[in-house]
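Single-structure report; data block below.
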Amino acid sequence: MSEKTAGLLTLAVDAMGGDGGPTPVVEGVFAALDKGLKARVLLFGQEDRLRPLVARRAAAGAIEIRHAPTAVSMTDKPMHVLRRGRDSSMWLAVAALESGEAQALVSGGNTGALMAVSRMQLGMIAGVDRPALTALWPTNSGRTVVLDVGANVEATENELVQFAIMGEAFARALTAKEKPRVGLLNVGAEELKGHELIRSAARVLREADPEMAFVGFVEGNDISSGKLDVVVTDGFTGNIALKTAEGAARLVGSWIKEALNTSLNSKLASLLMIRGLKKLKARMDPSSMNGGLLLGVNGIVVKSHGGADARGVRSAVEMAANLAQRPILGEIAETVSEVANRRGDLLSASGPKAAAE
């Protein structure tokens, strides 16, 4: 560590995780540094591939290459990585976070492997059963945190409650709102809608976490309404909703492009609207909101999209740096403990029959 980087926040970056190899990852890191990021970056990957990319830039003093002989592929099964991937860029980057050398981690690699490696090395936050993957959903008023979007196919009542607590803490760190508005995704907003598991989770949140700004059940069209800060669901439903929205955005984008190129008049009109169209394109670009926090593990682990370009990687790196400076992990542990205690008190106060149920 040089005198120039001493005392700086340190980020661990899995440089081999993205679909495009290390080039967009390194370019994204440099883009973040160019935008004013004050951090020391540890790049984990094959040195012979990283060295030429880093050497191109004069600001390389803020970057250190840590050689990792292998990389986790998108097809590798998590158990295979846990057994045989301990010399991979992903494993060694997580190890830097576990040892305390780094304060946050960014990886665009295999989601299942990243979750498994993070759980094994970092452990779980006290009181949290399973991790949840977040996504930032664009709205007219900013963005909504949606979780889980793929870490768990199913979720129990307790896990939905934990997801809500973790999502609230994440949204507070991102937006600085004291009381982010939280909703449970359901097939209807009425209290009698949905299965018993989700109705039970709603009751727990209302009764055992009175400090939360819980709005109750919300529907799919509420996610992008701007009325909510956090939407909670299981990973199966969340992942389908996310991929559906991404597909719809691409479809609308292609329709707009087609409409503006059908005739000479439309092409001339597009020239007149060029500034507005560029703004629209930027708002629809998923890279502008790339980066999902893996909530529940005992460390700041940001999952970048595997296909992210340099702009997307920059977004994920900036998110990791921002979250590393906030007490989000402690807030989650404290709130989960408080809700567990209140829930126990509520069950006890209801008598033996209710407690047994």
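Taken together, the values in this text are just the output of simple stated rules run on the coordinates, not laboratory data. Everything numeric in this text was worked out from a predicted model, so none of it was measured. All Cβ positions, glycine included, derive from the backbone under ideal geometry; neighbour counts span all protein chains shown.
Worth a mention:
- Computed magnitude of the charge dipole of the chain (debye, nearest 20; Cβ of K, R +1, Cβ of D, E -1): 1340 debye
- When the pairs LYS38/LYS77; LYS77/LYS243; LYS35/LYS179; LYS35/LYS227 are compared against a 27 Å limit on Cα-Cα distance, LYS38/LYS77; LYS35/LYS179; LYS35/LYS227 fall above it.
- Computed across region 51-209, the Kirkwood radius stands at 18.4 Å (inverse of mean 1/r, all Cα pairs).
- Residue separation of LYS193 and ARG83 scaled by 0.36 nm, minus their Cα-Cα distance, works out to 35.2 nm of gained length.
- Cα-only Debye scattering, the chain: base-10 log of I(q)/I(0) at q = 0.14 Å⁻¹: -1.15
- Working note: 222 nm ellipticity from helices only, DSSP H runs with n ≥ 4, each -39,500 (n - 2.57), summed and divided by the residues of the chain, gives -15000 deg cm²/dmol to the nearest 500.
- Mean Cβ neighbour count within 10 Å, used as a protection proxy, ranking 243-251, 77-85, 223-231 highest first: 223-231, 77-85, 243-251
- Cβ crowding within 10 Å averaged over residues, with 39-45, 99-105, 232-238 ranked highest first: 39-45, 232-238, 99-105
- Every pair of different Cα atoms in region 128-228 enters the Kirkwood calculation, which places the hydrodynamic radius at 13.7 Å.
- Cα lying deepest toward the dipole's positive end in the chain, options HIS67, SER118, VAL182, charges on Cβ: HIS67
- With the charge dipole of the chain set up from +1 on Lys and Arg Cβ and -1 on Asp and Glu Cβ about the Cα centre, the Cα lying farthest toward the positive end among the listed residues GLY100, VAL153, GLY20 is that of GLY20.
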